[in-house]
Amino acid sequence: MEILFTLHAHFRWIVVLVSLLALAKHLAGWLGKAAFKKPDMLLIKIYGGVVDLQVTLGLIYLLWSGFSGAGFPRFRLEHSFIMIIVAVLAHLFNRWKNAEDLIRFRNGFVLLLVSLVLIFAGVLMLPNGLQRWMIGT
């Protein structure tokens, strides 16, 4: 079970890296009035995939450790709920797949920014949340 927790704890940096790359790309595309191309869509799909994997790892850890004796304290449930919302946001990009390029970039940027804020808030809900965020434990 410790391996699962370690994977979940360290994989978040991949989520953050991909989200920051996608955020920068969407901001540049939005401000530069660029065309939305396949690499842009691929980056969004990768973001959705890494978020899904992170949430899945977290839910498995929550259930496994919870039923093994750690229980389900409120902070763990709140953290999980917020991260599930992040996973939903990661898939809302599909709502604008037929929209103009500028709208796709703008809405993608907003969704990515909101999801990053929620990720940060979700980590802060955990005991010693800011320390967890900074040192990665």
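Worth pointing out:
- Being surrounded by fewer than 18 Cβ atoms within 10 Å (Cβ to Cβ) and part of a helix (DSSP H, G or I) is not true of residue 93.
- Residue among 99, 24 that is outside any helix (DSSP H, G or I) and surrounded by fewer than 17 Cβ atoms within 10 Å (Cβ to Cβ): 99
- For residue 87, the requirement of being within 19 Å of residue 59 (Cα to Cα), modelled with pLDDT under 95, of a type in the set (A, V, I, L, M) and out of contact with any Phe, Trp or Tyr (no Cβ under 7 Å at 6 or more places or on another chain) is not met.
- Cβ-Cβ under 6 Å pairs, at least 6 apart or on other chains, the stretch 108-131 side within 18 Å of residue 58 (Cα to Cα) and surrounded by 16 or more Cβ atoms within 10 Å (Cβ to Cβ), far side polar (S, T, N, Q) and at pLDDT 95 or above: 116/19
- Only one of the numbered conditions (1) over 14 Å from residue 18 (Cβ atoms); (2) modelled with pLDDT of 95 or more; (3) of a type in the set (Ser, Thr, Tyr) is not met by residue 47, and that is (1).
- The condition of being outside any helix (DSSP H, G or I) and either buried (at least 17 other Cβ atoms within 10 Å of the Cβ) or on the phi < 0 side of the Ramachandran plot (or both) holds for only one of 67, 72, that being 72.
- Total residues in the stretch 1-21, condition under 21 Å from residue 85 (Cα atoms) and either surrounded by 12 or more Cβ atoms within 10 Å (Cβ to Cβ) or without any contact (Cβ under 8 Å) to a residue 12 or more places away in the chain (or both): 14
- Within the stretch 27-49, being closer than 14 Å to residue 106 by Cβ and in a helix (DSSP H, G or I) holds for 27, 28, 29, 30, 31, 40, 44.
- Residues located in the stretch 29-59, provided they are among the hydroxyl-bearing types (Ser, Thr, Tyr) and loosely packed, with under 13 Cβ neighbours inside 10 Å: 56
The values are calculated or read from the model by the stated rules, or taken from the named source; none is laboratory data. Values in this document were obtained by computation on a predicted structure and should not be read as measured data. FYI the Cβ positions are ideal-geometry reconstructions off the backbone, even for glycines, and counts take in every protein chain you see.
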